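Each value in this text was obtained by applying a stated rule to the coordinates, not by laboratory testing. The structure presented is a predicted model; accordingly, all values stated were derived computationally and were not measured. Heads up, the Cβs are rebuilt from the backbone with ideal geometry, glycines too, and the neighbour counts pull from every protein chain shown.
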Amino acid sequence: MDTIATDDHAVLDFSVGVPDNTMARAFADDAVTIGNEIQRVVVTSPKTIQLSILGLLAEGHILLEDVPGVGKTLLGKTLSGAIDCDFKRIQFTPDLLPTDITGTTVFDMKSSTFNFVPGPIFSNIVLADEINRTGPRTQAALLEAMAEHQVSIEGDVMKLPSPFMVIATQNLSESHGTFPLPDSQKDRFMISMGMGLPTPEQEVEILSRSQHGMPEASPVISAERIVEMRDMVKRVEVDAKIRQYIVKLAGHTRSNSAVRHGLSPRGGAALQRAAQAWAAMDGRSFVEPQDVSEIAVYVIAHRLMMQPAANESADEAVRTAIDETQVPA
């Protein structure tokens, strides 16, 4: 994914309807630049870094789920650090209130007026750290922001800045004092992934980097450029056969007896947008079947509701769907 495809197909067409090889290279090069800056700080697999960039470019949100201490917060913080934009981190705790996220109105005694004080949600990238440590009411404060890129406060609708993205983390090994995310909120995340434990070689590298203090990411791309790249992703061509392939994958998850509720149409749309971004990161103006299959687990699995007695995991159900679904001829 760090090289640009060179084939006989038309390349990215993002300007006035004329294929422009220069723009295709610029898009892929910018994605690689972000990835290199993240890799300079975070020791993890290239696929994890690529998926985090995918969420950013596809206008999605990312849920990082894993055991404590593997770098979830560091990855989210570093991704935001590589972008020249506003960043806020919210540490979720049991006593956190919805207004601590969205903001509130404060009475100014000098002017005898109520003034709105925006909360940390009014940032380009918001890191919701340990999101499952706060109650459902506060978790729900993120729903409108994630879905509509706006918040409603005392009857007023306020738009969030662009680009906007939520990166949430939660520790899977702890259940005491946590509040599991409802399925409706999980569905708002385009990508859900774990980072996994590092290899011995990677762990040595982590110790080496942290010996004199961990490095921090520097901005390598502007927020305005991210907005441009997001617009480019929307114009990546999706053939009718690819759309049929996505629908067949969704249908397979719904017919699997181990799955109580399969992939929704909204989930299918998220998979299509993610595949568009994956193709654009490879310097292409069209989606191929492998773009869908390579990212399907990360987009679909967290959206599935499995039967209590299911003998397979959600990840396995998605892989089964991929193995048993043919691309329409």
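For this structure, a couple of remarks:
- Computed per residue of the chain from DSSP H runs no shorter than four, each worth -39500 (n - 2.57), the mean residue ellipticity at 222 nm is -13000 deg cm²/dmol.
- Within the range 97-164, the GluC sites (Glu not before Pro) that combine a DSSP coil assignment with at most 10 other C-beta atoms in a 10 angstrom radius are 154.
- Global geometry of the range 213-303, whether rounded, prolate or oblate, following the gyration tensor of its Cα atoms and the 1.5 cut on a/c: oblate
- Our summary gives the range 236-329 a relative contact order of 40 percent, counting only alpha carbon pairs under 8 angstrom and 6 or more residues apart.
- Between 222, 293, 111, the Gaussian network model of the chain with springs among Cα atoms under 10 angstrom shows the greatest mean-square fluctuation at 111.
- The count of lysine pairs in the chain that are at least 8 places apart or cross chains, and whose C-alpha atoms lie under 24 Å apart, stands at 16.
- Part-to-part distance (alpha-carbon centres) for the range 147-192 and the range 266-329, which is given in Å: 22
- Whether the chain is rounded, prolate or oblate, judged on the alpha carbon gyration tensor where a/c under 1.5 counts as rounded: rounded
- Gaussian network model of the chain, springs between alpha carbon atoms under 10 Å - residue of 265, 289, 136 with greatest fluctuation: 265
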